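First comes the structure, then the notes that go with it.
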Amino acid sequence: MPHRDDLAALKAERDAADRAYNEALTRLDRAIQQLPRDFPHPPPGPDEEQITPLNTSWRIDTSRASGMRGWLVSAVRQIVAPMFERQQNFNAALVDHVNRNVPIARQTRASIASTLTVMHETIADLVRFQSLLVMFLQQITPYVDTRDRDVAGLFPGLFGAINTMSDELMKRTDAMLTRDRRQDTRIAEVEAQLAILRVRLEELTRVLQPRGSGGSP
């Protein structure tokens, strides 16, 4: 059987391991991530309110007027025509630039929205996994204790079976020893009887032996 000091050392080692496990489990539980309450939202979509007016009013009106006013406007236009042309080219480039960037802004906003959704779901799954992991680890100690109790519960039955077998072996051994002693006793009795018979046979042999020739008539 293990020495009492050995059992105390084993118990102290088990207690220290239990404390270290529980402390590590507590730290892991406190380290579970939390889903942010103020999770970012996707940015607003592009401002398209002025898209239609820009596409309809970027051209400079070059229609001619009649009469003196028309002649005057035409004369002024000839003077400022290069400036109007540059302005109209600028307007065309600006409208083209705006029209090209609107779809890009829409796609960017949609991409950011889908990315944030994936991130939100991924973090939620990670938090759920961490919680399940801690719950699983919390069940290890009760599971091990249950297994220990099951093993400990086997010992009484095992010891009982061993004791029963020991008793049966002792009984059989005693019976065999008893038979051996009886056999020895019987053998001793037979040997004693044989010795008695041998003595009597010798006496009978001497009695029946003929007398020698030198005897009296």
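What follows draws every value from the coordinates through simple rules; no lab data is involved. All values derive from a computational prediction rather than experimental measurement. Heads up, the Cβs are rebuilt from the backbone with ideal geometry, glycines too, and the neighbour counts pull from every protein chain shown.
A few points about this structure:
- Computed over segment 159-203, the range of Cα coordinates on each principal axis works out to 65, 5, 5 Å, biggest value leading.
- Label sites at ILE187 and THR141, each approximated as a point 7 angstrom past Cα along Cα to Cβ, lie 6.7 nm apart.
- In Hz, Karplus ³J(HN,Hα) per residue of segment 109-118 (6.51, -1.76, 1.60; θ = phi - 60°; x = Gly, Pro): 5, 5, 5, 5, 4, 5, 5, 5, 5, 5
- Charge tally around PRO44: other residues with Cβ under 14 Å, Lys/Arg +1 each, Asp/Glu -1 each, net -1.
- FRET efficiency, ARG206 to ASP174 (Cβ-Cβ, R0 45 Å, nearest 0.05): 0.40
- Spin-label model, ASN101/ALA12: points 7 Å from Cα along the beta carbon direction are separated by 7.6 nm.
- Annotation: the residues VAL199, VAL102, sorted from fewest to most other C-beta atoms within 10 Å of their own C-beta, follow the order VAL199, VAL102.
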